[in-house]
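Written out below as structure tokens is the structure these notes cover.
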Amino acid sequence: MKNYIINKETLALIAELDGTRIYEKNTNFFVNLSPNNIVKSSCLFYGCSFEGRLNGTKYILGLKSKIPIIINEKNNIIFFPTDSIRKSSCNWLSLNNINNCQKNAKNTKILFFNGIELSLNISKYIIDNQILRASRLQMLINQRNY
């Protein structure tokens, strides 16, 4: 697959050596694009640049790093990075598809509502913090739209 657009079914974009493993509610597959490129092209597909989304979130939340992004406001598609977006190892997770996360020995297990589980080499604290940031963004955007 040469291109991919994030949608409501997208759970996670996991960085691999030469591209991204995409997890959707009923399947997973590989594309030859980085997670960041997928996020950027998805923002454009839905009518806004990645930089515009990034700057909007920075303004609303006052953040400087690991900034969550609203991919599609109408469909409430919000993703957050697990690391600096400058790193090729940065994964992106869908806020509204995560049910829970649990600490393992060295990893954190992400549990999605559909039963899929992903273990990521990242601390539970970082995941919890990213979920809080993305949830706060969602709440503030919803307040501004009513």
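A few comments on the model shown:
- Residue in the stretch 114-135 that is among the acidic types (D, E) and within 13 Å of T10 (Cα to Cα) present: no
- Where a residue in the stretch 1-25 is surrounded by 19 or more Cβ atoms within 10 Å (Cβ to Cβ) and its partner, wherever it lies, is in a strand (DSSP E or B) and small (G, A, S), with Cβ under 6 Å and at least six apart: T10/S94; L11/S94; Y23/A12
- N75 surrounded by fewer than 18 Cβ atoms within 10 Å (Cβ to Cβ), in a loop (DSSP other than H, G, I, E, B), more than 15 Å from the chain's Cα centre (by Cα) and touching a residue at least 24 places away in the same chain (Cβ under 8 Å): no
- Residue match in the stretch 88-108 (condition: modelled with pLDDT of 95 or more, within 23 Å of K25 (Cα to Cα), part of a helix (DSSP H, G or I) and touching a Lys or Arg at 6+ places or on another chain (Cβ under 8 Å)): yes
- Checking Y59, Y4 one by one, the residue that is hydroxyl-bearing (S, T, Y) and under 16 Å from Q138 (Cα atoms) is Y59 and no other.
Every residue, every condition in (1) free of Cβ contacts under 8 Å to residues at least 60 places away in the same chain; (2) in contact with a helix residue (DSSP H, G or I) (Cβ under 7 Å, 6 or more places away or on another chain), yes or no:
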site: D83; (1), (2): yes, no
site: S88; (1), (2): no, no
site: F112; (1), (2): no, yes
site: S123; (1), (2): yes, no
site: R133; (1), (2): no, yes
site: R136; (1), (2): no, yes
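- Qualifying residue in the stretch 28-49 (condition: over 16 Å from the mean Cα position of the chain (by Cα) and farther than 22 Å from K8 by Cβ): yes
- Checked against (1) loosely packed, with under 13 Cβ neighbours inside 10 Å; (2) under 19 Å from Y125 (Cβ atoms), K66 passes all but a single condition, namely (1).
- Output for the stretch 35-60, where each listed residue is in contact (Cβ under 8 Å) with a residue 24 or more places away in the chain and in a helix (DSSP H, G or I): P35, N36, I38, V39, S41, S42, C43, F45, T57, I60
- Y23 being among the hydroxyl-bearing types (S, T, Y), over 12 Å from the mean Cα position of the chain (by Cα) and either farther than 16 Å from K87 by Cα or in a helix (DSSP H, G or I) (or both): no
- Every residue from the stretch 1-48 that is farther than 17 Å from L95 by Cβ, in contact with an Asp or Glu (Cβ under 8 Å, 6 or more places away or on another chain) and hydrophobic (A, V, I, L, M, F, W, C): F30
- Residue within the stretch 41-58 that is surrounded by fewer than 17 Cβ atoms within 10 Å (Cβ to Cβ), farther than 23 Å from L132 by Cα and among the aromatic types (F, W, Y) present: yes
- The set of residues from the stretch 121-137 being at pLDDT below 95 and crowded, with 17+ Cβ neighbours inside 10 Å comprises just one member, I122.
The values are calculated or read from the model by the stated rules, or taken from the named source; none is laboratory data. These figures come from a predicted structure and were not determined experimentally. Methodologically, a virtual Cβ is constructed for each residue, glycine included, from the backbone with ideal geometry; neighbour enumeration extends over all protein chains shown.
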